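Note sheet for the following structure.
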Amino acid sequence: MDRLLYTPWMRQTIIYLSAILLTILCAAPLFWMALTSIKPDKEILASPPTFWTGEASLDAYVRLFSTTNFLDYLQNSVTVAASATILCIFVATLAGYSITRFQFWGRETFAATTLFTYMMAPIMIVVPFFILMRGLGLNNSHLGLILGYSAFALPFSLWLLRSFFQSIPLELEEAALIDGATRPQAVRYVIVPLALPGVIATSIFTFIVAWNDYLFARIMISSDRLKTLPVGVQDLMDSSFLDWGVIMAAGVMVTLPALAFFVVVQRYLVAGMGAGGVKG
(Lines give C-alpha, C1' and ligand atoms only; values in the text may rest on other atoms or scores of the structure.)
Protein backbone atom coordinates (compact mmCIF):
# COMPACT_ATOMS: atom_id res chain seq x y z
CA MET A 1 0.00 0.00 0.00
CA ASP A 2 2.81 2.41 0.91
CA ARG A 3 4.56 1.67 -2.36
CA LEU A 4 1.35 2.42 -4.25
CA LEU A 5 1.03 5.82 -2.54
CA TYR A 6 4.53 6.81 -3.60
CA THR A 7 4.35 5.79 -7.23
CA PRO A 8 4.73 8.62 -9.78
CA TRP A 9 1.17 8.05 -10.99
CA MET A 10 -0.27 8.38 -7.49
CA ARG A 11 1.80 11.48 -6.73
CA GLN A 12 0.60 13.16 -9.92
CA THR A 13 -3.00 12.23 -9.13
CA ILE A 14 -2.75 13.75 -5.66
CA ILE A 15 -1.14 16.91 -7.05
CA TYR A 16 -3.81 17.33 -9.75
CA LEU A 17 -6.69 16.69 -7.36
CA SER A 18 -5.22 19.15 -4.86
CA ALA A 19 -4.81 21.76 -7.59
CA ILE A 20 -8.40 21.25 -8.74
CA LEU A 21 -9.71 21.55 -5.17
CA LEU A 22 -7.68 24.70 -4.55
CA THR A 23 -8.93 26.21 -7.81
CA ILE A 24 -12.55 25.50 -6.87
CA LEU A 25 -12.06 27.03 -3.41
CA CYS A 26 -10.55 30.18 -4.92
CA ALA A 27 -12.92 30.50 -7.87
CA ALA A 28 -16.21 29.71 -6.09
CA PRO A 29 -16.50 33.08 -4.25
CA LEU A 30 -15.64 34.97 -7.46
CA PHE A 31 -18.19 32.97 -9.43
CA TRP A 32 -20.89 33.55 -6.80
CA MET A 33 -20.08 37.28 -6.74
CA ALA A 34 -20.39 37.53 -10.54
CA LEU A 35 -23.59 35.47 -10.53
CA THR A 36 -25.17 37.57 -7.78
CA SER A 37 -24.39 40.77 -9.69
CA ILE A 38 -26.70 39.73 -12.53
CA LYS A 39 -29.54 38.33 -10.40
CA PRO A 40 -32.75 40.31 -9.92
CA ASP A 41 -33.18 41.75 -6.44
CA LYS A 42 -35.85 39.20 -5.45
CA GLU A 43 -33.40 36.31 -5.96
CA ILE A 44 -30.34 37.78 -4.21
CA LEU A 45 -31.68 37.19 -0.69
CA ALA A 46 -33.94 34.28 -1.58
CA SER A 47 -34.08 31.35 0.83
CA PRO A 48 -32.98 28.80 -0.15
CA PRO A 49 -30.51 30.60 -2.45
CA THR A 50 -30.81 30.04 -6.19
CA PHE A 51 -27.67 28.72 -7.82
CA TRP A 52 -28.58 30.05 -11.27
CA THR A 53 -31.02 32.62 -12.54
CA GLY A 54 -33.27 32.61 -15.55
CA GLU A 55 -33.74 36.38 -15.35
CA ALA A 56 -30.21 37.66 -15.77
CA SER A 57 -30.02 41.43 -15.77
CA LEU A 58 -27.40 44.20 -15.80
CA ASP A 59 -29.54 46.52 -13.69
CA ALA A 60 -27.05 46.35 -10.81
CA TYR A 61 -24.27 47.63 -13.08
CA VAL A 62 -26.53 50.41 -14.36
CA ARG A 63 -27.25 51.49 -10.77
CA LEU A 64 -23.57 51.22 -9.89
CA PHE A 65 -22.52 53.66 -12.61
CA SER A 66 -25.51 55.99 -12.35
CA THR A 67 -26.09 56.33 -8.61
CA THR A 68 -22.57 56.11 -7.16
CA ASN A 69 -19.18 57.72 -7.79
CA PHE A 70 -17.71 54.39 -8.89
CA LEU A 71 -16.14 55.76 -12.08
CA ASP A 72 -14.36 58.45 -10.04
CA TYR A 73 -13.09 55.79 -7.64
CA LEU A 74 -11.92 53.70 -10.58
CA GLN A 75 -10.07 56.62 -12.15
CA ASN A 76 -8.46 57.48 -8.82
CA SER A 77 -7.29 53.90 -8.27
CA VAL A 78 -5.81 53.63 -11.76
CA THR A 79 -4.02 56.97 -11.37
CA VAL A 80 -2.62 56.23 -7.92
CA ALA A 81 -1.64 52.60 -8.61
CA ALA A 82 -0.01 53.36 -11.97
CA SER A 83 1.88 56.38 -10.62
CA ALA A 84 3.09 54.51 -7.53
CA THR A 85 4.23 51.61 -9.71
CA ILE A 86 6.20 53.85 -12.07
CA LEU A 87 7.87 55.76 -9.22
CA CYS A 88 8.71 52.64 -7.22
CA ILE A 89 10.10 50.72 -10.20
CA PHE A 90 12.20 53.72 -11.32
CA VAL A 91 13.82 54.07 -7.89
CA ALA A 92 14.14 50.31 -7.27
CA THR A 93 15.72 49.69 -10.68
CA LEU A 94 18.36 52.39 -10.20
CA ALA A 95 19.07 51.28 -6.64
CA GLY A 96 19.13 47.56 -7.47
CA TYR A 97 21.50 48.11 -10.38
CA SER A 98 23.80 50.32 -8.29
CA ILE A 99 23.99 47.81 -5.43
CA THR A 100 24.98 44.96 -7.76
CA ARG A 101 27.36 46.86 -10.05
CA PHE A 102 29.15 49.39 -7.83
CA GLN A 103 31.36 48.81 -4.80
CA PHE A 104 30.76 51.07 -1.80
CA TRP A 105 30.96 50.80 1.96
CA GLY A 106 27.97 49.18 3.65
CA ARG A 107 26.46 47.87 0.41
CA GLU A 108 25.30 44.50 1.74
CA THR A 109 24.24 45.99 5.06
CA PHE A 110 22.11 48.52 3.22
CA ALA A 111 20.44 45.79 1.15
CA ALA A 112 19.69 43.64 4.20
CA THR A 113 18.40 46.60 6.22
CA THR A 114 16.13 47.61 3.35
CA LEU A 115 14.50 44.18 3.29
CA PHE A 116 14.13 44.26 7.08
CA THR A 117 11.98 47.39 6.84
CA TYR A 118 9.50 45.45 4.68
CA MET A 119 8.81 43.16 7.63
CA MET A 120 7.16 46.03 9.50
CA ALA A 121 3.35 45.84 9.42
CA PRO A 122 1.66 48.74 7.58
CA ILE A 123 -0.34 49.59 10.72
CA MET A 124 2.95 50.45 12.45
CA ILE A 125 3.91 53.14 9.95
CA VAL A 126 0.59 54.51 8.74
CA VAL A 127 0.11 56.96 11.64
CA PRO A 128 3.68 58.37 11.53
CA PHE A 129 3.35 58.60 7.76
CA PHE A 130 0.07 60.48 8.07
CA ILE A 131 1.66 62.95 10.50
CA LEU A 132 4.55 63.45 8.07
CA MET A 133 2.26 63.98 5.09
CA ARG A 134 0.07 66.37 7.08
CA GLY A 135 3.17 68.38 7.97
CA LEU A 136 4.04 68.58 4.27
CA GLY A 137 0.47 69.47 3.32
CA LEU A 138 0.04 66.23 1.35
CA ASN A 139 -2.73 64.61 3.38
CA ASN A 140 -5.99 64.17 1.48
CA SER A 141 -4.09 64.12 -1.80
CA HIS A 142 -3.20 61.49 -4.36
CA LEU A 143 0.45 62.51 -4.19
CA GLY A 144 0.56 61.54 -0.52
CA LEU A 145 -0.94 58.13 -1.35
CA ILE A 146 1.51 57.61 -4.22
CA LEU A 147 4.47 58.36 -1.97
CA GLY A 148 3.08 56.04 0.72
CA TYR A 149 2.56 53.10 -1.62
CA SER A 150 5.94 53.63 -3.25
CA ALA A 151 7.70 53.73 0.13
CA PHE A 152 5.91 50.61 1.35
CA ALA A 153 6.59 48.56 -1.81
CA LEU A 154 10.14 49.83 -2.37
CA PRO A 155 12.04 47.51 0.03
CA PHE A 156 10.73 44.28 -1.48
CA SER A 157 10.95 45.68 -5.02
CA LEU A 158 14.57 46.67 -4.43
CA TRP A 159 15.43 43.26 -3.01
CA LEU A 160 13.77 41.42 -5.89
CA LEU A 161 15.44 43.53 -8.58
CA ARG A 162 18.78 43.28 -6.78
CA SER A 163 18.53 39.49 -6.91
CA PHE A 164 17.53 39.66 -10.56
CA PHE A 165 20.45 41.91 -11.53
CA GLN A 166 22.79 39.54 -9.70
CA SER A 167 21.63 36.72 -11.98
CA ILE A 168 22.71 38.68 -15.10
CA PRO A 169 26.37 37.89 -15.90
CA LEU A 170 28.61 40.90 -15.44
CA GLU A 171 30.61 39.77 -18.48
CA LEU A 172 27.77 40.75 -20.83
CA GLU A 173 27.91 44.35 -19.68
CA GLU A 174 31.71 44.38 -19.71
CA ALA A 175 31.70 43.08 -23.29
CA ALA A 176 29.41 45.94 -24.34
CA LEU A 177 31.72 48.46 -22.64
CA ILE A 178 34.76 46.97 -24.36
CA ASP A 179 32.98 47.25 -27.72
CA GLY A 180 32.67 51.00 -27.19
CA ALA A 181 29.28 51.37 -25.56
CA THR A 182 28.87 53.83 -22.72
CA ARG A 183 27.45 52.59 -19.44
CA PRO A 184 24.00 54.11 -20.12
CA GLN A 185 24.01 52.43 -23.53
CA ALA A 186 25.04 49.10 -22.00
CA VAL A 187 22.27 49.38 -19.45
CA ARG A 188 19.69 50.35 -22.07
CA TYR A 189 20.54 47.77 -24.74
CA VAL A 190 21.93 44.88 -22.66
CA ILE A 191 20.79 44.98 -19.04
CA VAL A 192 17.24 46.33 -19.41
CA PRO A 193 16.11 43.74 -22.01
CA LEU A 194 17.49 40.93 -19.84
CA ALA A 195 15.97 42.42 -16.70
CA LEU A 196 12.56 43.07 -18.24
CA PRO A 197 10.83 39.97 -16.77
CA GLY A 198 12.06 40.97 -13.31
CA VAL A 199 10.95 44.56 -13.77
CA ILE A 200 7.50 43.42 -14.88
CA ALA A 201 7.19 40.98 -11.97
CA THR A 202 8.11 43.74 -9.55
CA SER A 203 5.67 46.10 -11.27
CA ILE A 204 2.85 43.61 -10.77
CA PHE A 205 3.65 43.34 -7.07
CA THR A 206 3.71 47.12 -6.63
CA PHE A 207 0.54 47.63 -8.65
CA ILE A 208 -1.40 45.05 -6.63
CA VAL A 209 -0.22 46.61 -3.35
CA ALA A 210 -1.51 50.02 -4.44
CA TRP A 211 -4.67 48.69 -6.11
CA ASN A 212 -5.87 46.63 -3.14
CA ASP A 213 -4.81 48.85 -0.24
CA TYR A 214 -7.52 50.05 2.11
CA LEU A 215 -5.65 51.20 5.22
CA PHE A 216 -3.53 54.02 3.77
CA ALA A 217 -6.36 55.28 1.56
CA ARG A 218 -8.86 55.31 4.41
CA ILE A 219 -6.58 57.30 6.72
CA MET A 220 -5.02 59.61 4.13
CA ILE A 221 -8.10 60.52 2.07
CA SER A 222 -11.15 62.33 3.45
CA SER A 223 -12.63 63.82 0.27
CA ASP A 224 -15.14 61.59 -1.52
CA ARG A 225 -13.95 62.65 -4.97
CA LEU A 226 -10.40 61.46 -4.14
CA LYS A 227 -11.30 58.03 -2.74
CA THR A 228 -9.92 54.87 -4.31
CA LEU A 229 -11.90 51.73 -5.08
CA PRO A 230 -11.37 49.79 -1.81
CA VAL A 231 -12.56 52.75 0.27
CA GLY A 232 -15.40 53.64 -2.11
CA VAL A 233 -16.74 50.07 -2.22
CA GLN A 234 -16.50 49.79 1.56
CA ASP A 235 -18.56 52.97 1.87
CA LEU A 236 -21.26 51.30 -0.21
CA MET A 237 -21.55 48.68 2.52
CA ASP A 238 -21.64 51.33 5.24
CA SER A 239 -24.69 53.05 3.77
CA SER A 240 -28.08 52.84 5.43
CA PHE A 241 -29.48 50.73 2.58
CA LEU A 242 -27.47 47.73 1.43
CA ASP A 243 -27.94 47.15 -2.30
CA TRP A 244 -26.24 43.78 -2.60
CA GLY A 245 -26.58 43.73 -6.37
CA VAL A 246 -24.63 47.00 -6.63
CA ILE A 247 -22.04 45.79 -4.11
CA MET A 248 -21.47 42.55 -6.03
CA ALA A 249 -21.27 44.45 -9.31
CA ALA A 250 -18.68 46.75 -7.74
CA GLY A 251 -16.72 43.70 -6.59
CA VAL A 252 -16.70 42.31 -10.12
CA MET A 253 -15.54 45.62 -11.58
CA VAL A 254 -12.75 45.89 -8.98
CA THR A 255 -11.56 42.34 -9.66
CA LEU A 256 -11.65 42.29 -13.46
CA PRO A 257 -8.90 44.87 -14.21
CA ALA A 258 -6.41 43.25 -11.82
CA LEU A 259 -7.33 39.75 -13.03
CA ALA A 260 -6.99 40.70 -16.70
CA PHE A 261 -3.68 42.43 -16.03
CA PHE A 262 -2.37 39.35 -14.23
CA VAL A 263 -3.45 36.97 -17.00
CA VAL A 264 -1.69 39.08 -19.63
CA VAL A 265 1.64 39.30 -17.81
CA GLN A 266 1.66 36.05 -15.82
CA ARG A 267 4.47 34.52 -17.87
CA TYR A 268 6.67 37.50 -17.04
CA LEU A 269 5.73 37.14 -13.39
CA VAL A 270 6.80 33.48 -13.30
CA ALA A 271 10.04 34.23 -15.17
CA GLY A 272 10.83 37.21 -12.98
CA MET A 273 10.15 35.51 -9.65
CA GLY A 274 12.11 32.44 -10.76
CA ALA A 275 15.12 34.42 -11.90
CA GLY A 276 14.95 36.67 -8.86
CA GLY A 277 15.24 33.65 -6.62
CA VAL A 278 18.49 32.42 -8.18
CA LYS A 279 20.60 34.59 -5.90
CA GLY A 280 19.75 36.36 -2.69
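The values are calculated or read from the model by the stated rules, or taken from the named source; none is laboratory data. Remember, predicted model here, so these are calculated numbers, not experimental data. Cβ: placed from backbone, ideal geometry, glycine included. Neighbour counts: every protein chain shown.
Taking segment 206-225, which residues are surrounded by fewer than 20 Cβ atoms within 10 Å (Cβ to Cβ) and not charged (D, E, K, R)?
Correct list: Ile208, Asn212, Tyr214, Leu215, Ile219, Ser222, Ser223.
I'd like to check something: does segment 237-255 contain any residue that is in contact with a Lys or Arg (Cβ under 9 Å, 6 or more places away or on another chain), closer than 29 Å to Ser163 by Cα and modelled with pLDDT under 90?
no
Any idea how many residues of segment 149-175 are in contact (Cβ under 8 Å) with a residue 60 or more places away in the chain, part of a helix (DSSP H, G or I) and either small (Gly, Ala, Ser) or outside the structural domain of Leu94 (by TED's automatic domain parsing) (or both)?
Summing the residues that are in contact (Cβ under 8 Å) with a residue 60 or more places away in the chain, part of a helix (DSSP H, G or I) and either small (Gly, Ala, Ser) or outside the structural domain of Leu94 (by TED's automatic domain parsing) (or both) in segment 149-175 gives 4.
Given (1) surrounded by fewer than 20 Cβ atoms within 10 Å (Cβ to Cβ); (2) of a type in the set (Gly, Ala, Ser); (3) at pLDDT 80 or above, where does Ala258 come up short, assuming only one miss?
Answer for Ala258: the failing condition is (3).
Does any residue of segment 91-113 turn out to be under 30 Å from Ile247 (Cβ atoms), assigned by TED's automatic domain parsing to the domain that holds Ala186 and surrounded by fewer than 16 Cβ atoms within 10 Å (Cβ to Cβ)?
No, there is no match, as no residue in segment 91-113 is under 30 Å from Ile247 (Cβ atoms), assigned by TED's automatic domain parsing to the domain that holds Ala186 and surrounded by fewer than 16 Cβ atoms within 10 Å (Cβ to Cβ).
Evaluate segment 223-237: report whether one residue or more is in contact with a His (Cβ under 9 Å, 6 or more places away or on another chain), in a helix (DSSP H, G or I) and within 30 Å of Asn139 (Cβ to Cβ).
yes
Could you count how many residues in segment 25-47 are of a type in the set (A, V, I, L, M), over 22 Å from the mean Cα position of the chain (by Cα) and at pLDDT 85 or above?
2
Does segment 199-215 hold any residues that are over 11 Å from Cys88 (Cα atoms) and in contact with a Leu (Cβ under 6 Å, 6 or more places away or on another chain), and which are they?
If the condition is that a residue be over 11 Å from Cys88 (Cα atoms) and in contact with a Leu (Cβ under 6 Å, 6 or more places away or on another chain), then Ala201, Ile204 are the ones that fit.
One line per residue, one yes/no per condition, for (1) surrounded by fewer than 16 Cβ atoms within 10 Å (Cβ to Cβ); (2) over 25 Å from Phe261 (Cα atoms); (3) among the aliphatic types (A, V, I, L, M):
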| position | (1), (2), (3) |
| --- | --- |
| Leu170 | yes, yes, yes |
| Ala176 | no, yes, yes |
| Gly180 | yes, yes, no |
| Gln185 | yes, yes, no |
| Val192 | yes, no, yes |
| Ala195 | no, no, yes |
| Ser203 | no, no, no |
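Quick one: count up the residues across segment 104-148 that are of a type in the set (Phe, Trp, Tyr), touching a helix residue (DSSP H, G or I) at 6+ places or on another chain (Cβ under 6 Å) and without any contact (Cβ under 8 Å) to a residue 60 or more places away in the chain.
The number of residues fulfilling the criteria is 1.
Got a sec? Which of Phe110, Phe152 is in contact with a Pro (Cβ under 8 Å, 6 or more places away or on another chain) and not β-branched (Val, Ile, Thr)? Reasoning before the result, please.
Values: Phe110 fails: in contact with a Pro (Cβ under 8 Å, 6 or more places away or on another chain).
Within the list Phe110, Phe152, the selection yields Phe152.
Every residue in segment 129-148 that is under 24 Å from Ile89 (Cα atoms) and assigned to a helix (DSSP H, G or I), please.
The answer is Phe129, Phe130, Leu132, Met133, His142, Leu143, Gly144, Leu145, Ile146, Leu147, Gly148.
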